[in-house]
Amino acid sequence: MDVSSSPVATTRSGNKVEQVTAHHYRSSDGLDLVADVAGPAAAPGVVLLHGGGQTRHSWSGAMLALVARGYRVVSFDARGHGDSGWSDDGAYSLDDRVADLRVIVADFKGRYALVGASLGGATAIHAVAGGLTPTALVLVDIVPQPEASGVDRIVAFMRANPDGFADLEEASSAVAAYNPLRPPPRDTSGLMRNLRLRENGRLYWHWDPRITQTRSTDHQRVVQRSAAALARAGELSVMLVRGLSSDVVSDAGVEAFRSQLPSLEVANVSGAGHMVAGDRNDAFNTSMIEFLVRHLPVTTSV
């Protein structure tokens with residue numbers, strides 16, 4: 001249920017200025033889910049689901065590009081991330097995340113697509129297995145059979161620095177060490193979107209540390225079972241956008257997924273690692289939008 005909204009920014013869509021609104025949704029177990037929403041209310045919908053350790057702001061470029069093409073876009077902070085609430089009970093399973101997604105898509109007036117990166121993609125796969133019926137699904141560097149070493153590296157990064165950071169430069173150095181493909185920003189102030197200043201004067205990542213308590217292998221087994229449902233999902237169109245420098249998705253992982261889902265479309269993005277949209281945003285947007293225009297077109301009447 002959408003409980004409140006307020007304007008936060010504007011963006012130009014063609015010759016129109018579209019308002020980006022902050023929406024607050026209420027999860028079934030009472031958490032506040034914060035989202036950015038833009039685009040015509042009656043247009044086909046696109047939900048952007050970020051990866052573990054990210055926020056809705058990781059989709060900023062993709063959101064602008066989608067709104068410019070006429071879509072209704074919702075980009076929300078997953079539970080335990082960003083500005084959304086933390087679960088007192090540590091409820092961070094894929095079932096909990098799918099329940100949140102049901103609340104989000106209930107606002108759409110017609111057809112919609114899901115675009116999910118990593119954890120967001122796993123959530124989308126599990127949602128389809130649980131009965132959600134998107135018209136199109138874009139999975140960003142996530143397959144049912146990922147490389148264990150790449151997954152372990154993500155988990156290690158999220159578990160590191162439990163005592164926080166002394167300043168932005170220290171946090172920026174940690175990010176650069178994890179993702180050496182991406183040049184470090186000249187201005188680190190934007191990193192504050194991913195950090196929280198506590199009373200002790202130190203900076204901590206925005207996510208609930210309990211997110212990483214679930215074993216990654218348990219999580220993957222859920223995704224693997226749910227992925228089998230994609231082949232039975234009728235008219236669902238699925239594309240995988242893969243970073244060619246990713247250590248999470250390999251050639252073997254892609255082929256295993258394709259054997260399970262022969263209709264799978266694959267877009268390879270060179271010069272991108274696991275964080276495809278952040279590493280090569282323009283290339284990612286081009287692949288995503290070309291796919292959506294074919295499978296979820298915006299009619300001229302919108």
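Each reported figure results from applying straightforward, stated rules to the coordinates on display, with no laboratory input. As the structure is a computational prediction, the values presented were derived from the model and not from experiment. Because the Cβ atoms are built from the backbone with ideal geometry, glycine has one as well, and the counts that use them run over all protein chains shown.
Given +1 at the Cβ of Lys and Arg, -1 at the Cβ of Asp and Glu and no other charges, the dipole of the chain around its Cα centre is 640 debye to the nearest 20.
Positive end of the dipole of the stretch 143-285 (Cβ unit charges, origin at the Cα centre): among Ser270, His219, Asn285, the Cα lying farthest that way belongs to His219. In the stretch 148-302, Rg over Rh equals 1.03, where Rg is the alpha-carbon radius of gyration and Rh the Kirkwood radius from pairwise Cα distances.
Ranked from highest to lowest mean number of other Cβ atoms within 10 Å per residue, what is the order of the peptides 129-135, 254-260? Each step should come with its number before you reach the end.
Working: 129-135: 16.9, 254-260: 15.3.
Listed from highest to lowest mean packing, they are 129-135, 254-260.
So if I place +1 on the C-beta of Lys and Arg and -1 on the C-beta of Asp and Glu, and nothing else carries charge, what would the dipole magnitude of the stretch 15-70 be about its Cα centre? I want it in debye, nearest 20.
Values: 4 positive and 4 negative charges, 37 e Å.
Around 180 debye, computed over the stretch 15-70.
Residues whose amide H lies under 5 Å from that of His274, counting only those 5 or more places away or on a different chain, are Asp247; hydrogens are built 1.01 Å from N in the peptide plane. Each of the peptides 245-253, 147-155 was scored by the mean count of other Cβ atoms within 10 Å over its residues; in descending order, highest first, they stand as 245-253, 147-155.
With a Cα-only, solvent-free Debye model of the stretch 185-247, what are the log10 I(q)/I(0) values at q = 0.16, 0.28 Å⁻¹? Results for the stretch 185-247 at q = 0.16, 0.28 Å⁻¹ read -0.91, -1.13. Dividing the radius of gyration of the alpha carbons in the chain by their Kirkwood radius gives 0.94 for Rg/Rh. Peptides 59-68, 191-200 ranked from most to least packed give 59-68, 191-200, packing being the mean of other C-beta atoms within 10 angstrom over each peptide's residues. Which one of Leu236, Trp59, Pro180 has its Cα pushed farthest toward the positive end of the charge dipole of the chain, where Lys and Arg give +1 and Asp and Glu give -1 at the Cβ? The residue sitting most towards the positive pole is Leu236.
If the convex hull of the alpha-carbon atoms of the stretch 28-128 is projected onto planes in all directions, what is the mean projected area in square nanometres?
On the way: hull surface 23.0 nm².
Averaging across all directions leaves 5.7 nm² for the Cα convex hull.
Label-to-label distance for Asn179 and Val266 is 2.3 nm, based on points extended 7 Å past Cα in the beta-carbon direction.
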